[in-house]
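The structure appears right after this line, and notes come after that.
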Amino acid sequence: MKYMLLALAAVVVNGCGYHVSGHADLLPATIKTIAIPAVGNLTNRYKLSDRLASTLTREFISRSRYRIVTDPNQADAVLRAAVISYYSYPVVSDQKTGRANSVQLSAILQINLTERTSGKVLYTQPRMEVRQRYEISVDQLEYFEESDIALDRLSREVAKSVVSAILEAF
């Protein structure tokens, strides 16, 4: 009787559908390597696309079991990304001088993960919109360019979102 209750409890606990976040995996078991080639850019701003491939690679390496390669011909799946639009505009201005002291970066990205041999789309995000805000000093003597720092934060945010969506099947 005691063993039947333990067996029943094991079935109920394992069969309830509960799982720890981050352990689901959208990708087929045949996928062992992922290629992340250079990120495309349809804008006149190059800095975000230059950062994205390396931040996506770092995020996959730190959070997954997949081996990351640069050559799509050596991979089971290929993650292609492109920056399709990029805007920066002032959102807050100093009332005395009229100069901007806060800038909003907005980018729209296209992300596709495909199985190399079959061409099957494993994940797609045709219009992923991301934003990042940074401050500008109004005092010219204390001015420090923060747009590069904001682009770094933005690329890390994109990498975390994309890898989470792929690994956690969201």
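Derivation of every value follows stated rules applied to the coordinates shown; laboratory data play no part. Nothing here was measured: the structure is a model prediction, and the numbers come from that model. Neighbour counts are summed over all protein chains in view; Cβ atoms, including those assigned to glycine, are modelled from backbone coordinates with ideal geometry.
A few comments on the model shown:
- Cut-off 13 Å, label 7 Å out along Cα→Cβ of residue 129, residues of the stretch 64-95 by amide N: 85-87
- FRET efficiency, residue 102 to residue 70 (Cβ-Cβ, R0 41 Å, nearest 0.05): 0.65
- Protection proxy ranking of 69-79, 149-159, by the mean of other Cβ atoms within 10 Å over each peptide's residues and highest first, is 149-159, 69-79.
- Annotated for the stretch 23-168: lysine pairs at least 8 residues apart or interchain, Cα distance under 28 Å, count 4.
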